[in-house]
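First comes the structure, then the notes that go with it.
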Amino acid sequence: MTYIHAPATYDFRERSIMYGPVSDMVPSTPIFEMYPLGLTTLCEYLERHGLRARIYNLASMMLHKKNFDVEANLAKLDSRMFGIDLHWMPHCHGSIEVTKILKRLHPHTPISFGGLSSSIFHEDLIKYDCIDYVFRGDSTEEPMRMLIERVARAERTHTAVGDLSDIPNLTWKDASGAIHINPLSWVPDDMNAISMDYAYPMKGVLRHHDMTSYLPMKGWLSYPVTAGLSCRGCARNCATCGGSAYAFRNHFGRRRVAWRDPSLLIRDIQNVQNHVWGPIFVLNDFLQAGEAYTHKFITGLKDKVRNPIGFEFFGPPPGGDDFYSLLDENLDSWSIEISAESHDDDVRAAFGKGHYTMAELEETIVDALSHPNCERFDLYFMTGIPKQTAASVRETGAYVQHLYERVNYDPRLVVMTSPMAPFLDVGSIAFDNPEQFGYKLRARTFEEHRKRMILPSWKHIMNYESVYMSADEMVDATYDAALDINRIKGEHGILDAGMAAGVDARIRQAREQMNRLDDVLYNGTGRIDKRLAQLKEEFERLSESTVAEKSELNWAFDVKPTHVAHLAKLWITNEPANFASRLGGKWRSAASDFDYPDQTNGELSPAFNADGTPNTSARGTKADGMSDGRAVADEQGVQVAAFGSVVAPGFSATNTNNAFDASIAHLEAGRAGTAVEAGVAAIREEQLRTVEPDPLLAQMIAEEQERAEAQASAESTHAHPRVRDAGGLKGAGGRAGARDARKLDKLRDRKN
């Protein structure tokens, strides 16, 4: 099995696209070359069961290697099956284009799709001739093993794959081309059967002697950021989030959060830092699991963490100062990330974050920074969310000024803002019910999203418009808020003066370039791609660190002798054994050295049983009037926290997230995995409608067809078009990123 990670836009090296700030809050470049963690868990699980699997980060190779020939390299791949991840929706263009090429080069090799976005659009995807299978759900390691063994056996015996109706979560085509939708019934109750210790990619690099195809992002070797994952699923219901409790219940069949045992999470962190010296982010708020889980995890880290470590929280941690004291007692240094989205409590409540106020968030920031072992507190804002106006966005700067004054301009507080771009998350409550949240969709089907990815700027690519501010107002307001925040940080030494000046210049240039782009698009004549070609170099330069210095994301770190020793041991342990296996014409497994159990299906979590009927075995099926097991109630009917429930710690009838109120009980899922009856498609009729025609998109699609025909003609005469490299896209890594991180770290050493 070869898993191929495609770039967001396949031919990004030739196209002129002003991506702008879409990736300013993540380490990767705007083509999102960082592949999801699920690829490593899938590969390791398959290797553990005697199947050979590898990751092929095509996006990374296209960025790293000059004039990299995609088709020539894909043609060399020899695999019984190919897998394409479509986890994040921005990959909708690249994933399909790469799949078309693969099917042309390897017409008899089956191709599968998987990931959260694949789950939502499985009925759209399976209709493409180049796609044979689509997996749905968030935990498909075991169903994937079942399919690959079936495909491999069919190839060895030269027989048909046959009936696959027994493989859960699978949407598939049979030999006649008929489409089948199996029940979305494989949803494990926990996350303990998969490897998150990074063993597979390290061993895979040694086995294949190929580092670039495994690199998570451009510049990773200079900034080797890693992640620990506490759970799959979520207790929250943020309106625009495709990973909310609503989305997991309705689209991925998950009714309960699947937690990773804290002892395993601790072991993951230990094993990662043995070999990798960069920061470790613990993703998904482990506080949702309750006090016992939290205490076991934090105290278990004592004297075991050497790398910088940070935690993602969905709101102020319960316990306030006592919680931060617990961190201080067990960790030499720690950092926190919280996305507040807006300073306006009314806007935040509409978004789904009404379970805390900004006053409470301010208190938790003050508490955190009062502790000596707190290294940084990252706070994020976002534009484009429900009920947010341009005026509200522009007020962000004044609020940030107030907040910095409150903490005496402590440089450990890092505030950033960015737009919700390029897409409103598919599968979110707001995407499924846009009008009720003040949105008008520009793209509804998968194909409509795919086509938008070739449009010339992030403003045009967006799949939504808000009734509260136009796209142009959103662009201007975002740049205004970013200018204010950057000015505040520069004036008070929170950001290096040179960096602040650079960001200020880029924001102003980006705004000017967006205006110039509109002039070129709407006042020019001739082919659009020809008009845009002259702007390509500037587009790339202004598509990173646009609204914030990307290096602010980076943490300084040190390589220790123990890292060198562990890497040397890894090489000595694996390389000679790999060499011996190759001499014998065999392959050596890259599975984890730790003993993991086989993945088993859940009993409480699946929203659907194997026959497609609803699973109502969980407690609280009628407590909140939603009949989906979402609430756990005591004798008085008050929602309380429970391990593994989707009710967060401390929730009660008075402080529950607004999204759990009965007021949303009438909302429907637009693209649920299956209907109640097994094998029946479940897209609502209104979700099948197309959006209003976009004249700009129509013209560019017409040019796209002409371009494809011209390219086909060139190939027939053996003439190859010139390949341009995207040298202007750097990501957060590289020498410059490491240098800036150390510069900013010195500023943050001025702890007040």
Q. Given ASP69, ASP78, ASP24, which one is touching a Ser or Thr at 6+ places or on another chain (Cβ under 6 Å) and of a type outside the set (Val, Ile, Thr)?
A. ASP24
Q) Can you tell me which residues in the stretch 214-224 are more than 14 Å from the chain's Cα centre (by Cα) and either open to solvent by less than 10 Å² (accessible area, probe 1.4 Å) or closer than 15 Å to PHE32 by Cα (or both)? A) TYR214, LEU215, LYS218, GLY219, TRP220, TYR223, PRO224
Q) How many residues does the stretch 140-188 contain that are farther than 24 Å from SER117 by Cβ and β-branched (Val, Ile, Thr)? A) 3
Q | Residue that is of a type in the set (Ser, Thr, Tyr), open to solvent by 30 Å² or more (accessible area, probe 1.4 Å) and closer than 30 Å to GLY427 by Cα, where the choices are SER339, SER333 | A | SER339
Q: Run ARG54 past the list (1) open to solvent by less than 10 Å² (accessible area, probe 1.4 Å); (2) over 29 Å from ASP378 (Cβ atoms); (3) in contact with a strand residue (DSSP E or B) (Cβ under 6 Å, 6 or more places away or on another chain) and report the number of the one that doesn't hold.
A: (1)
Q.
Going by what's in this entry, would VAL151 be described as more than 28 Å from the chain's Cα centre (by Cα), closer than 27 Å to ASN73 by Cα and crowded, with 19+ Cβ neighbours inside 10 Å?
A. yes
Q: For residues that are assigned to a helix (DSSP H, G or I) and either on the phi > 0 side of the Ramachandran plot or open to solvent by less than 30 Å² (accessible area, probe 1.4 Å) (or both), tally how many sit in the stretch 350-384.
A: 9
**Q.** Checking ASP197 against (1) part of a loop (DSSP other than H, G, I, E, B); (2) open to solvent by 10 Å² or more (accessible area, probe 1.4 Å); (3) among the charged types (D, E, K, R); (4) touching a residue at least 60 places away in the same chain (Cβ under 8 Å), the condition it does not meet
**A.** (2)
**Q.** Unmet requirement for ARG508, which otherwise passes all of (1) open to solvent by less than 20 Å² (accessible area, probe 1.4 Å); (2) modelled with pLDDT under 95
**A.** (1)
Q: Grab the strands (runs of 3 or more DSSP E) fully contained in the stretch 393-483, keeping just those with 1 or more residues being touching a residue at least 24 places away in the same chain (Cβ under 8 Å) and among the charged types (D, E, K, R).
A: 439-441, 464-466
Q: Take ILE494 and decide whether it is closer than 26 Å to VAL400 by Cβ and in a helix (DSSP H, G or I).
A: no
Q. Can you name every residue in the stretch 488-501 that is crowded, with 18+ Cβ neighbours inside 10 Å and in contact (Cβ under 8 Å) with a residue 24 or more places away in the chain?
A. ILE488, LYS489, ILE494, LEU495, ASP496, MET499, ALA500
Q: Only residues that are open to solvent by less than 10 Å² (accessible area, probe 1.4 Å), within 17 Å of GLU375 (Cα to Cα) and either of a type in the set (D, E, K, R) or touching a strand residue (DSSP E or B) at 6+ places or on another chain (Cβ under 6 Å) (or both): list them for the stretch 282-315, please.
A: VAL282, ASN307, ILE309, GLY310, PHE311, PHE313
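The values are calculated or read from the model by the stated rules, or taken from the named source; none is laboratory data. If you're wondering where the values come from, they're calculated on a predicted model, not measured in any experiment. FYI the Cβ positions are ideal-geometry reconstructions off the backbone, even for glycines, and counts take in every protein chain you see. Accessible surface is based on the protein model in full, side chains and every heavy atom, while ligands, DNA and RNA are left aside. Shrake-Rupley method; radii C 1.70, N 1.55, O 1.52, S 1.80 Å.
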